[in-house]
Amino acid sequence: MEQLSTAVNSRTSVVVVPPADDHDVVTVDRPPNDAGNKAADGLQLRDLPWWFLAVFAATIAALVITNQLPKDLMGGFGLLFLLGLALGEIGERLPYVSTLLGGGPVVCIFGAALLVYWGLLPKATVTLSTQFLTGSNFLNFYIASIITGAMLRMNRDVFIGAALPFVLVLAFGIVVPILIAVPVAMMTHYGWSEAMLYVIWPVLGGGVGAGAVPLAQIYSGVGTMTVTEAMSRMMPAVVLGNLLSIILAAQLNLVGRKWPATTGNGRLIRSGNQELLRRIEMERASARSLPLAVDMLGAGFALTIGVYATAIALEKLFFPSVHAFVWMIAMLTIAKLFEILPTRLEAAGIQWYELWARNLLYTILAGIGIAFTDMSLVFGLLRDPVYLTLVLLTVLGATIGSGLAGHFSGLYFVESAIAGGLGMAAMGQTGDIASLSAARRMELLPFTTLSTRIGGAIVLLLAGLQLSIIGR
């Protein structure tokens, strides 16, 4: 069979051949997506010629300066793709930042946020970026693609074994922050009740839409405080908790590198079953060497859209209190446990996930920095050492509590801390993506989604009970 083309670089080898079924197939020898692999974190500059990048950058810059950047999919993609690519590469090359603070993912988020804070991006560009992520629901589409692939990549025996221990991970991720932060609050002017209502619950509540907003409604319904006043008091904790979650995620990645016994490099369950470990490694090796076919990418796209649309229908028409992403995880869990999907369709979903996770992660993170990260609010928080300490203790407590609960119930410490504690402390799904990117463990997204949604729902219940029993 005649070989048409071969391309070799330091990361992948690609061979394109005409297969027997007349479909274009690209066989890619992918590197493993482990804690030390930077190639899986986003498209890198060496994959594109310098002259293309120069022309691309000059064109986008000219459109931004003249306020002529199209307010559509092309404009949003063009700007965020280029910005994420540049910031991501800078982050991977900065000394200390690349090793201690998470590298490219962290610089994408906070670099883009600082550009907004310093006024280096026109307001029209900021508006376009925000609308691209939220107005078109592109962020939800990206998350749906990641959840689908991550669930399908998961070994069913591992998922079954991790279910009960993960309940303990969530429980300790809530209890330990209270045990650590409340005594400190009692010794300060905040007081324990205020600390729980305006620091601990907002940080662990699952972000803004599913956390701070319903919390504010609960608070306004019990006392004289308005929703706006409650939101103003809670949002600083939510934002700062998200910032600390990203930084801690990067540190947990370093913990895993220094002490390999604490991490499964993205695998949650710790098992002494050598046969199970062998099957997991075989599945991972098989996933990395799957034939990359154009028709399979189309099938993966259809699978993602179909599962997401069904989840939205279940949320909107029947169960509005359960988020669509939770329904996605439930459906894909059933499909995985009972082996409902054909092997080829599972492979298609995994390849669709690989396409987005490997090539457009930096694009998404730059958008999150522009649309969801207010640096003026972050800088303002740093002026109150007591408040900063309470938020830090809350995030640390959730991280340590979840990690230890996982460790003593058969899970890996690092993965439990990230999926459980940081899944609750990060700011919703956008915070989950940012934290997992810094930790180099995007495959944990289904578990962080459960932490965000289920853990957040438990927090809302506890906050309501606190107000109804003891008031403010």
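The values are calculated or read from the model by the stated rules, or taken from the named source; none is laboratory data. Since the structure is predicted, the reported quantities are computational estimates derived from the model, not experimental observations. Note that each Cβ is placed from the backbone with ideal geometry, even for glycine, and that neighbours are counted across all protein chains shown.
Structure notes:
- Listed here are the helices (runs of 4 or more DSSP H) enclosed by region 138-227 that have at least 1 residues being under 22 Å from the mean Cα position of the chain (by Cα) and at pLDDT 75 or above: 138-153, 156-186, 201-204.
- Residues in region 73-100 that are touching an Asp or Glu at 6+ places or on another chain (Cβ under 8 Å) and at pLDDT 85 or above: GLY88 alone.
- Note on region 360-376: residues that are over 12 Å from PHE77 (Cα atoms) and not hydrophobic (A, V, I, L, M, F, W, C) total 4.
- Some residue of region 250-269 being assigned to a strand (DSSP E or B) and either assigned by TED's automatic domain parsing to the domain that holds ILE400 or modelled with pLDDT of 65 or more (or both): yes
- Members of region 62-77 that are buried (at least 16 other Cβ atoms within 10 Å of the Cβ) and out of contact with any Ser or Thr (no Cβ under 8 Å at 6 or more places or on another chain): LEU63, GLY75
- Residue within region 273-285 that is more than 18 Å from ILE146 (Cβ to Cβ), surrounded by 15 or more Cβ atoms within 10 Å (Cβ to Cβ), at pLDDT 65 or above and not assigned by TED's automatic domain parsing to the domain that holds GLY111 present: no
- Yes/no for LEU297 being in a helix (DSSP H, G or I) and out of contact with any Phe, Trp or Tyr (no Cβ under 9 Å at 6 or more places or on another chain): no
- Residue match in region 316-330 (condition: touching a residue at least 24 places away in the same chain (Cβ under 8 Å), under 28 Å from VAL294 (Cβ atoms), assigned by TED's automatic domain parsing to the domain that holds THR449 and not hydrophobic (A, V, I, L, M, F, W, C)): no
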